[in-house]
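Asker: This structure is in structure tokens; I'll ask about it shortly.
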Amino acid sequence: MTSVRRTLSLVVVTLGLALGAPSVAMAGADFENRYGSAGPKGATLTVVRSHAGDDGKVTYEYVTYTATAEGAWVNRVTSAAE
């Protein structure tokens, strides 16, 4: 019984992905990645985001947050094209 349930669940998920993928592809493309680390000398968090829309507009952002015993700061790089 469990095997049948797993198979049915897999079929439902596969159909959902197959039918939903074209609509997601038409909505634009997004990418986001985060990386953080902390240690005795401080902490840092880096976030990278990019988006390509259906209208042809592309945005990119690279942000690093840093905190140490000497203070805290943000380094930000952004870009956009149409």
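The values are calculated or read from the model by the stated rules, or taken from the named source; none is laboratory data. If you're wondering where the values come from, they're calculated on a predicted model, not measured in any experiment. Neighbour counts are summed over all protein chains in view; Cβ atoms, including those assigned to glycine, are modelled from backbone coordinates with ideal geometry. When the accessible area is computed, the model is the full protein with side chains, heavy atoms only, and any ligands, DNA or RNA have been set aside. Shrake-Rupley method; radii C 1.70, N 1.55, O 1.52, S 1.80 Å.
Asker: If packing is taken as the average count of other Cβ atoms within 10 Å, what order do 61-71, 34-44 fall into, highest mean first?
Answerer: Ranking, from highest mean packing down: 61-71, 34-44.
Asker: Give me the extension gain from VAL58 to TRP73: residue separation times 0.36 nm, minus the current Cα-Cα distance, reported in nm with one decimal.
Answerer: 2.7 nm
Asker: How high is the FRET efficiency from LEU45 to GLU82, r the C-beta distance, R0 41 Å, rounded to 0.05?
Answerer: 0.90
Asker: On the accessible surface of region 31-82, probed at 1.4 Å, how many percent belong to carbon and sulfur atoms?
Answerer: Of all accessible area on region 31-82, carbon and sulfur atoms account for 54 percent.
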